[in-house]
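Beneath this line is the structure, given in structure tokens, with notes to follow.
The values are calculated or read from the model by the stated rules, or taken from the named source; none is laboratory data. Computed from a prediction, not measured in an experiment: that's the story for all the values here. Because the Cβ atoms are built from the backbone with ideal geometry, glycine has one as well, and the counts that use them run over all protein chains shown.
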Amino acid sequence: MKYKSTRSKTSTIYSSEAIIKGIAADGGLFVPFEIPVLDRSLEDLSSLNYKELAYYIMSKYLTDFDEKELKDCINKAYNEKFETPLIAPLVEKAGVHFLELYHGPTLAFKDMALSILPHLLKTSMKKQSIHQEVVILTATSGDTGKAALEGFANIEGTKIMVFFPQDGVSNIQRLQMVTQEGSNTFVSAIEGNFDDAQNAVKSIFSDKQLAEKLADKGHILSSANSINIGRLIPQIVYYFYGYLTLLRDGKVSKGGSINVVVPTGNFGNILAAFYAKKMGLPVSKLICASNENNVLYDFIKTGIYNRKRELHLTSSPSMDILISSNLERLLYEISGHDEVLIQNLMHKLSTEGIYEIPDIMKQQLKDFYGDYSTEAEVFDSIKQLYETDEYLIDTHTAVAYSVYQKYRNQTGDTTPTIIASTASPFKFGQAVSKAIGIDIVGLDDFGILEKLADAAKVKVPVAVKELKTKPILHNSLAKKNEIKNVIENFLGGNK
């Protein structure tokens, strides 16, 4: 299996090279030359546990990893760090199946991929005989940052730098990042929103002068964002796992299809479901759920992508995004791998803030349904599920549940449906508590979480509870045009 850029007919490379580079030199994203297909039946695969399934799926993409290398990465990733040996349990509530992707160390779905990426990267470096230090550069809208920090902290041969929007994450998300230990870690808030942080980081990757300067000092840049193909591939696994759980439990018949609902801003999580469908997973409809930053809803409806709009700060901050980076990979697939067209569309997005895809590509969006939830609908969804099923969901999952209800009401479609449940409700305790009617006046974040835990008759997760006494280790605040200097200072030893 070889990989290439979405934007040019550059020479192809192996997966280990793509994982190290993170992003192509022309600014494009690495994609597999072709998406592999299943060569075992779904009934056969249903007997596999999560690790075994991960090996089967990932081995089709990472063909330059031998069996021992890949299994070693998988075993180190999906171990006791997760609260359950199931890794991603499927819970049926209110006639829908919630795929709980938040049982990892940072209580968010990003752990599903970022627990394995450091091991894939370290193995890739050995395979490519790279002895330089890899610097992981990441912009985050909340969850990626902590999951990446957790994964890469104290990993030999790496440093990790995370930038987050100053006012664009929840307080718990912020505390998770600024209390991060590890001599190779650096965290900074950035003035502006997530798109500002993401654009600033992307510009660093295309700065050839800086790359040469860092190379001279023994550093190479890579990314832990979902632009890295090593992040995307592990996410494909859990959609198969969810379906196979339904098949094994008799909730879907042999050959039967499902719908998948994904709350997404950067489009990576639903892109993984699209790749799973292309591999042979029987997915009928890919339901793309947006919050009030509904740029993806508009795109799916019209074929026009327009980032020229106000960014709303919502109760689902990980989706407060107007530039959905991973959409580029979908455009590449539905354009018939037309690199010139993709280059032109991305140039238009960068310079004009808007593009429209051709009619033939619009027809290829028929597998998708898009809608969005208002803040009021998000809160209503949390309250409804809690009152009817005593089940707590976070704000991002509530976006998905609200959109699913709209889809079902509009279409009458009763196909078995999986909702990607992307974060623990305890990461967004204030919003969840308000939604279910808990009086939180005068309480700090941790008092709120204790009260929420009492109401839900569960314990506050240790990963959140321990933040109360952890010291703040990262106090940096940078302007978006200062990131280059901040990077050079940190790598020069000035933390």
Task: In segment 451-466, residue nearest to PRO105 (Cα to Cα) [restricted to those that are surrounded by 15 or more Cβ atoms within 10 Å (Cβ to Cβ) and among the charged types (D, E, K, R)] - done: LYS465
- [ ] Output the residues belonging to segment 183-212 that are buried (at least 16 other Cβ atoms within 10 Å of the Cβ), small (Gly, Ala, Ser) and modelled with pLDDT of 90 or more.
- [x] SER188, ALA189
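Looking at SER47, SER124, SER129, SER41, which is the one that is among the hydroxyl-bearing types (Ser, Thr, Tyr) and in contact with a helix residue (DSSP H, G or I) (Cβ under 7 Å, 6 or more places away or on another chain)?
On the way: SER47 fails: in contact with a helix residue (DSSP H, G or I) (Cβ under 7 Å, 6 or more places away or on another chain); SER129 fails: in contact with a helix residue (DSSP H, G or I) (Cβ under 7 Å, 6 or more places away or on another chain); SER41 fails: in contact with a helix residue (DSSP H, G or I) (Cβ under 7 Å, 6 or more places away or on another chain).
The unique qualifying residue is SER124.
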Open item on the list: I'd like the residue in segment 213-252 that is small (Gly, Ala, Ser) and modelled with pLDDT of 95 or more and, out of all such residues, is farthest from ILE136 (Cα to Cα).
Closed with: GLY250
- [ ] Output the residue which, of all residues in segment 342-386 that are of a type in the set (S, T, N, Q) and surrounded by 16 or more Cβ atoms within 10 Å (Cβ to Cβ), is nearest to GLY303 (Cα to Cα).
- [x] GLN364
Task: When residues of segment 469-495 are limited to those that are charged (D, E, K, R) and surrounded by 14 or more Cβ atoms within 10 Å (Cβ to Cβ), the one modelled with the lowest pLDDT - done: LYS480
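Return the residues of segment 399-429 that are out of contact with any Leu (no Cβ under 9 Å at 6 or more places or on another chain), closer than 18 Å to PHE379 by Cβ, modelled with pLDDT of 95 or more and not small (Gly, Ala, Ser); say none if nothing qualifies. Walk me through how you get there before you give the answer.
Here is the first cut: in segment 399-429, the ones out of contact with any Leu (no Cβ under 9 Å at 6 or more places or on another chain) are 399-400, 402-415, 417, 428.
With the extra rule that they be closer than 18 Å to PHE379 by Cβ, the set shrinks to 399-400, 402-406, 428.
Subsequent filtering for residues that are modelled with pLDDT of 95 or more retains 399-400, 402-406.
Those that are out of contact with any Leu (no Cβ under 9 Å at 6 or more places or on another chain), closer than 18 Å to PHE379 by Cβ, modelled with pLDDT of 95 or more and not small (Gly, Ala, Ser): VAL399, VAL403, TYR404, GLN405, LYS406.
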TODO: Write out, first by first residue and then by second, each pair whose Cβ atoms fall under 7 Å of each other, whose residues are 6+ apart or on separate chains, and whose first residue, in segment 61-84, is closer than 26 Å to PRO461 by Cα and without any contact (Cβ under 8 Å) to a residue 60 or more places away in the chain while the second is outside any loop (DSSP other than H, G, I, E, B) and among the basic types (Lys, Arg).
DONE: ILE74/LYS51; ASN75/LYS51; TYR78/LYS51
Open item on the list: Only one of ILE20, ILE57 is part of a helix (DSSP H, G or I), within 18 Å of SER222 (Cβ to Cβ) and among the aliphatic types (A, V, I, L, M). Can you tell me which?
Closed with: ILE20
Open item on the list: Would you confirm whether or not segment 82-97 contains a residue that is among the hydroxyl-bearing types (Ser, Thr, Tyr) and either more than 27 Å from ALA400 (Cβ to Cβ) or buried (at least 18 other Cβ atoms within 10 Å of the Cβ) (or both)?
Closed with: no
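Looking only at segment 244-251, decide whether some residue is among the β-branched types (Val, Ile, Thr), over 28 Å from SER424 (Cα atoms) and in contact with a strand residue (DSSP E or B) (Cβ under 9 Å, 6 or more places away or on another chain).
To start, the set of residues in segment 244-251 that are among the β-branched types (Val, Ile, Thr) comprises 245.
Next, only the ones that are over 28 Å from SER424 (Cα atoms) stay: none.
Within segment 244-251 (the criterion being among the β-branched types (Val, Ile, Thr), over 28 Å from SER424 (Cα atoms) and in contact with a strand residue (DSSP E or B) (Cβ under 9 Å, 6 or more places away or on another chain)), the answer is no, since none of the residues qualifies.
Would it be correct to say that PRO89 is at pLDDT below 95 and within 20 Å of LEU392 (Cα to Cα)?
no
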Task: Subset of segment 1-41 [modelled with pLDDT under 95 and of a type in the set (Ser, Thr, Tyr)] - done: SER8, THR10, SER11, THR12
Open item on the list: Exactly one of these conditions fails for ASN269: (1) assigned to a loop (DSSP other than H, G, I, E, B); (2) in contact with a strand residue (DSSP E or B) (Cβ under 7 Å, 6 or more places away or on another chain); (3) closer than 27 Å to TYR305 by Cβ. Give me its number.
Closed with: (1)
TODO: Give the number of residues within segment 275-307 that are over 20 Å from ASP39 (Cβ atoms) and in a helix (DSSP H, G or I).
DONE: 8
Task: Breaking point among (1) touching a strand residue (DSSP E or B) at 6+ places or on another chain (Cβ under 9 Å); (2) assigned to a loop (DSSP other than H, G, I, E, B); (3) farther than 14 Å from LEU175 by Cβ; (4) of a type outside the set (S, T, N, Q), for HIS474 - done: (3)
- [ ] Could you please let me know if LYS68 is at pLDDT 95 or above, more than 20 Å from the chain's Cα centre (by Cα), not in a helix (DSSP H, G or I) and not aliphatic (A, V, I, L, M)?
- [x] no
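Out of LYS76, LYS122, LYS126, report the one residue that is modelled with pLDDT of 95 or more and surrounded by fewer than 21 Cβ atoms within 10 Å (Cβ to Cβ).
Details: LYS122 fails: modelled with pLDDT of 95 or more; LYS126 fails: modelled with pLDDT of 95 or more.
Exactly one residue qualifies, and that residue is LYS76.
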Task: Index of the failed condition, ILE258 passing every other in (1) over 27 Å from SER141 (Cα atoms); (2) free of Cβ contacts under 8 Å to residues at least 40 places away in the same chain - done: (2)
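Kindly check whether there is at least one residue in segment 303-320 that is surrounded by fewer than 17 Cβ atoms within 10 Å (Cβ to Cβ), closer than 30 Å to LYS9 by Cβ and modelled with pLDDT of 95 or more. Show your work before the answer.
Here is the first cut: in segment 303-320, the ones surrounded by fewer than 17 Cβ atoms within 10 Å (Cβ to Cβ) are 304, 306, 308-310, 312-313.
Right, trim to closer than 30 Å to LYS9 by Cβ and you get 304, 306.
Add one more test, that the residue is modelled with pLDDT of 95 or more, and what stays is 304, 306.
Yes: one or more hits.
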TODO: Would you be able to tell me the number of residues in segment 326-360 that are part of a helix (DSSP H, G or I) and of a type in the set (D, E, K, R)?
DONE: 6
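Looking only at segment 45-67, which residues are exposed (fewer than 12 other Cβ atoms within 10 Å of the Cβ) and of a type outside the set (Ser, Thr, Tyr)?
To start, the set of residues in segment 45-67 that are exposed (fewer than 12 other Cβ atoms within 10 Å of the Cβ) comprises 47, 67.
Residue satisfying the conditions is GLU67 alone.
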Open item on the list: So, in segment 1-17, how many residues would count as being closer than 23 Å to ILE116 by Cα and part of a loop (DSSP other than H, G, I, E, B)?
Closed with: 1
